[in-house]
Amino acid sequence: MVGKKEKIINIISNNNVESKKTSRLLGKKLRDRGFIIPDSYNNNAELNICVGGDGAFLRAVHRYKFTNIPFVGINTGHLGFFQEILPENIDDFIGKYIDKDYTVEEIFLVSAEICTRSNCFNLTGVNEIVIKGIQSKVVHLEIFIDGNHLERFSGDGIIISTPVGSTAYNFSSGGSIVYPSLKTLQITPLSPISSKAYRSLPNSAIIPGDITISIKPEYRYENSILIINDGMEYRYDNITNINLKMADKTISKLNFDKDMYWNNLKSKFL
């Protein structure tokens, strides 16, 4: 006789007092409905519930290495683009989850291969990967699209954002909003400079996700390049080129309201 499969759910919370309180209440309600809530992260879980704000969601995705276990978010933060569920709606969420009254949304990621004079390193981002100058220095970059030279950029930096990241740093920097199901990346300039020496696009450009964006620093200042991946800073010495494209891997997020995206845009930005 085959035993009944355990129904395991991970609850991942930040250290905010409200988040901890919500996590305890959520755990009790889920246990009452027959779910197992482990004390530490379980790789055999069927769902990751992230309690906190968008930052907590991003940290959880990175911490658990872009796991195949789907995510859903309970918002105890501010903006809450990833965190769809409000704490007061926990009972409704649990009921819909048990009834499978949801859709699974695929979230596209951005990958970067950063090559130095001696080695190459790989990063994966959910929202964006940003190339900037250390200590606010102006950066000078040669940018290529699918091997074709696009521009000789000069300015504060470049954002390469995913569709879900288009409403984050990209949007606040003048980039376009891109619907999450579109397989694209967006290049958005940060304070571009146009002069006789450098000709930079003043606005963002949307690129098919399967095309490689190559960025080559011009060494006006030695080792002046800073890489920021979903808010986390990385520094590599002697960068020769950075290749970015849509990652082969995706993550999954449960969606309990088909109109949530448009409602989010209206309620949080208008």
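Only loop residues by DSSP count here, and only those with at most 10 other Cβ atoms within 10 Å; note down the trypsin sites (Lys or Arg not before Pro) in segment 162-214 that meet that.
Working: sites: 183, 196, 199; in loops: 183, 196.
Loop-located and lightly packed - 196.
How about segment 182-263: which GluC sites (Glu not before Pro) there lie in a loop by DSSP and see at most 10 other Cβ atoms within 10 Å? Please report the intermediate quantities before stating the final value.
On the way: sites: 218, 222, 233; in loops: 218, 222.
Hits after loop and neighbour filter: 222.
Taking every alpha-carbon pair under 8 Å whose residues sit at least 6 apart, the chain reaches a relative contact order of 19 percent. For the pair segment 193-270 and segment 43-112, the centres of their Cα atoms are 23 angstrom apart.
DSSP loop (so not H, G, I, E, B), at most 13 other Cβ within 10 Å: list which chymotrypsin sites (Phe, Trp or Tyr not before Pro) in segment 206-243 pass both filters.
Here the sparse-neighbourhood loop sites are 219.
Given a 1.4 angstrom probe, what's the average accessible area per residue across segment 2-131, in square angstrom? With all protein chains present, segment 2-131 gives 51 Å² per residue. For segment 162-179, 3J(HN,Hα) computed residue by residue from phi via the Karplus equation (6.51, -1.76, 1.60; θ = phi - 60°) reads 8, x, 5, x, 5, 9, 9, 3, 4, 5, 5, 9, x, x, 8, 7, 10, 5 Hz, glycine and proline entered as x. Between residue 212 and 146, the built amide H atoms are under 5 Å apart, and every one of these is 5 or more places off in sequence or on another chain.
I want the antiparallel fraction of DSSP beta bridges within the chain, as a percent rounded to 5.
Working: 57 of 70 bridges.
Counting only bridges with both partners in the chain, antiparallel ones make up about 80 percent.
Dividing the helix sum by the residues of the chain, where each DSSP H run of 4 or more adds -39500 (n - 2.57), gives a mean residue ellipticity at 222 nm of -5500 deg cm²/dmol. Atom-type composition of the exposed protein surface of the chain places 49 percent of the accessible area on carbon and sulfur (1.4 angstrom probe).
The values are calculated or read from the model by the stated rules, or taken from the named source; none is laboratory data. Keep in mind that what you see is a predicted model, and the values were worked out from it rather than measured. Cβ atoms come from the backbone with ideal geometry, glycine included; neighbour counts cover every protein chain shown. The protein model used for the area step is the full one, side chains on, heavy atoms only, and it has no ligands, DNA or RNA in it. Shrake-Rupley method; radii C 1.70, N 1.55, O 1.52, S 1.80 Å.
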